[in-house]
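The values are calculated or read from the model by the stated rules, or taken from the named source; none is laboratory data. This is a predicted model, so every value here is computed, not measured. Quick reminder, even Gly has a Cβ in these numbers, built from the backbone with ideal geometry, and neighbours come from all protein chains shown. Side chains are part of the model used for accessible areas, which takes the heavy atoms of the whole protein and leaves out ligands, DNA and RNA. Shrake-Rupley method; radii C 1.70, N 1.55, O 1.52, S 1.80 Å.
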Amino acid sequence: MWVLMMRAFSTRSSERVDNWSVRSTAVDAALVALCLLTVGVMLVPERAGAQSASQAFINLFSGARLYVDPSSAAKQQADAWRRSRPSDAALMDRIAEQPVAKWLGGWNVDIGRDVADAVSRITGSRALPVFVAYNIPGRDCGQYSAGGANGSNAYRSWIRDFANGIGNRRAVVILEPDALAGMSCLSPALQQERLNLIHDAVRVLKAHGAAVYIDAGHARWVAPPEIANRLNRAGIAEADGFSLNISNFLANSVNIAYGTEVSKRVGGKHFIIDTSRNGQGATSAGNWCNPTGQRVGPAPTTHTGNPLVDAFLGVKTPGESDGTCGGGPPAGRWWAEYALGLAGGAWDRLLGRK
C-alpha cells in the first residue's frame, strides 16, 4: 500500500514540478497530508519492531550509584577489630567500603516485604538496588548451596511476591546464579521446567519495570553455543542481559571474551561481571570452593570501558563461605578470616598454617 501511494504521489509531483508553488490545489494538499499520515501510522510500529537489542535497551546502570551497606558483616567485623586488631580492621574496611548485591531466597520469611524495605532503603540513599534472586527449585543440584522453592507453583508465587515488592521502582535483578549453567544434572523434563520458570520470572519482573539479567555461569563452564541456547530458551530476548562469574574467580578479560561470544548468539544482549573475588586474574576455573590465595577484584563500577558490559559488580559477598570445603562453614555463612585473606591478608597465617 505504501509503495502504491508513494508512486501516485511521485507521479503527480513530477507532472506538476515546474509550477508546483502556484498550481497546488486543496486536493493535492489533502493527498500529501493523507500520505504523510499513512507513513506515520504504518512506519512507526515497523521501525519499533525492527530495533536492535542495543537500540531498544535502557541501561539502568548508566549514571547510577551502587549501594554500600553501612551494616554489612564486613563493616561490623572491621568495627569489632578496630582496637584489638587495627591492621586487620583496616584490611576489612577494603571489603566494607565496596558495594555488594543483596541476595534473596527462601530464608526471607516475607519476600515481598523484605524486597520493598530494601528498595526503599537503597533508593533513599540515592543508589540503585541490585538484587540476586536465588530460590529456583532443585538449586545447586543438592550440593553445598542446595535448597530452593518447594516446586514450580511455590516459585511462581515467590517471584510474584518479589516483583510486587519492587512495586514499579527502579531495581536490577540478577536471576538465579548457576541455574542454567548447572542444569545438566536434571532430567529433560525438569530442565524444561527450569527454563519455563526462569522465562516466567523474566516476564513478571519486567512487568514491574525491573532490569533483569539471567545468570549464565562463567567462562569455563558451558561452551558459548550451548549456554546461548539455554538463555534463548529461558527468555533472554525479553530480559536486559546476562550475568557472568558469580562466586567465581576468573579474570575480567576472560569473561569479556566469553560474554562477547555469547552475546553474538543472543541478539547482542549486554552482560555484567562479578568482580568480587577475581583479583588474581585467573584464566582457568580451578578450585571454586573457598580456594586460598584469592583476592578481591577491581572495585565495582558502571564505567567498564566496554559497550557490552554494563557493570563490574560485587555480587558474591567476599567472606561468605562457598560451603563446607577448604575448612569453611556452611555456604553463605560469614567467615571473617577468609574475608581477611581476600582483602590482602597472609593466607597461611590466617588459616592457622603457620
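Couple of notes before you dig in:
- Among the residues of region 171-207, those identified as under 17 Å from Ile273 (Cα atoms) and of a type outside the set (Gly, Ala, Ser) are Val172, Val173, Ile174, Leu175, Glu176, Pro177, Asp178, Leu180.
- Within region 243-287, if we keep just the residues that are part of a loop (DSSP other than H, G, I, E, B) and of a type in the set (A, V, I, L, M), the residue that is surrounded by the fewest Cβ atoms within 10 Å (Cβ to Cβ) turns out to be Ala285.
- Top-ranked residue in region 179-195 [being of a type outside the set (A, V, I, L, M) and touching a residue at least 12 places away in the same chain (Cβ under 8 Å); ranked as farthest from Phe57 (Cα to Cα)]: Cys185
- Tally, over region 131-144, of residues that are among the aliphatic types (A, V, I, L, M) and either open to solvent by 30 Å² or more (accessible area, probe 1.4 Å) or free of Cβ contacts under 8 Å to residues at least 40 places away in the same chain (or both): 0
- Within region 206-229, considering residues that are touching a strand residue (DSSP E or B) at 6+ places or on another chain (Cβ under 9 Å) and charged (D, E, K, R), the one surrounded by the most Cβ atoms within 10 Å (Cβ to Cβ): Asp215
- With respect to (1) open to solvent by less than 70 Å² (accessible area, probe 1.4 Å); (2) under 17 Å from Ser71 (Cβ atoms), the lone exception for Asp117 is condition (1).
- Any chance Ser62 is of a type in the set (Ser, Thr, Tyr), touching a residue at least 40 places away in the same chain (Cβ under 8 Å) and in a loop (DSSP other than H, G, I, E, B): yes
- Filter result for Arg170 (open to solvent by 30 Å² or more (accessible area, probe 1.4 Å), modelled with pLDDT of 95 or more, out of contact with any Phe, Trp or Tyr (no Cβ under 9 Å at 6 or more places or on another chain) and not in a helix (DSSP H, G or I)): yes
- Residue match in region 190-212 (condition: under 17 Å from the mean Cα position of the chain (by Cα) and among the acidic types (Asp, Glu)): yes
Conditions tested, residue by residue: (1) within 29 Å of Pro291 (Cα to Cα); (2) at pLDDT 95 or above; (3) not basic (Lys, Arg).
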| position | (1), (2), (3) |
| --- | --- |
| Leu205 | no, yes, yes |
| Gly209 | no, no, yes |
| Gly217 | yes, yes, yes |
| Ala223 | yes, yes, yes |
| Glu238 | no, yes, yes |
| Ser247 | yes, yes, yes |
| Leu250 | yes, yes, yes |
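- Total residues in region 145-166 satisfying the condition of being surrounded by fewer than 20 Cβ atoms within 10 Å (Cβ to Cβ) and not in a loop (DSSP other than H, G, I, E, B): the figure is 9.
- Test: residue in region 80-90 that is in contact with an Asp or Glu (Cβ under 9 Å, 6 or more places away or on another chain), at pLDDT 95 or above and either open to solvent by less than 60 Å² (accessible area, probe 1.4 Å) or under 28 Å from Ser247 (Cβ atoms) (or both): yes
- All told, Arg194 meets the bar of being open to solvent by less than 20 Å² (accessible area, probe 1.4 Å) and either in a helix (DSSP H, G or I) or at positive phi (or both).
For (1) under 21 Å from Trp221 (Cα atoms); (2) buried (at least 19 other Cβ atoms within 10 Å of the Cβ); (3) touching a Pro at 6+ places or on another chain (Cβ under 8 Å), each residue gets a yes or a no:
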site	(1), (2), (3)
Gln294	yes, yes, no
Gly297	yes, yes, no
Thr302	no, yes, no
Asp310	no, yes, no
Gly323	yes, yes, yes
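- Extreme residue, farthest from Gly167 (Cα to Cα), among residues of region 105-144 that are in a loop (DSSP other than H, G, I, E, B) and in contact with a Ser or Thr (Cβ under 9 Å, 6 or more places away or on another chain): Tyr144
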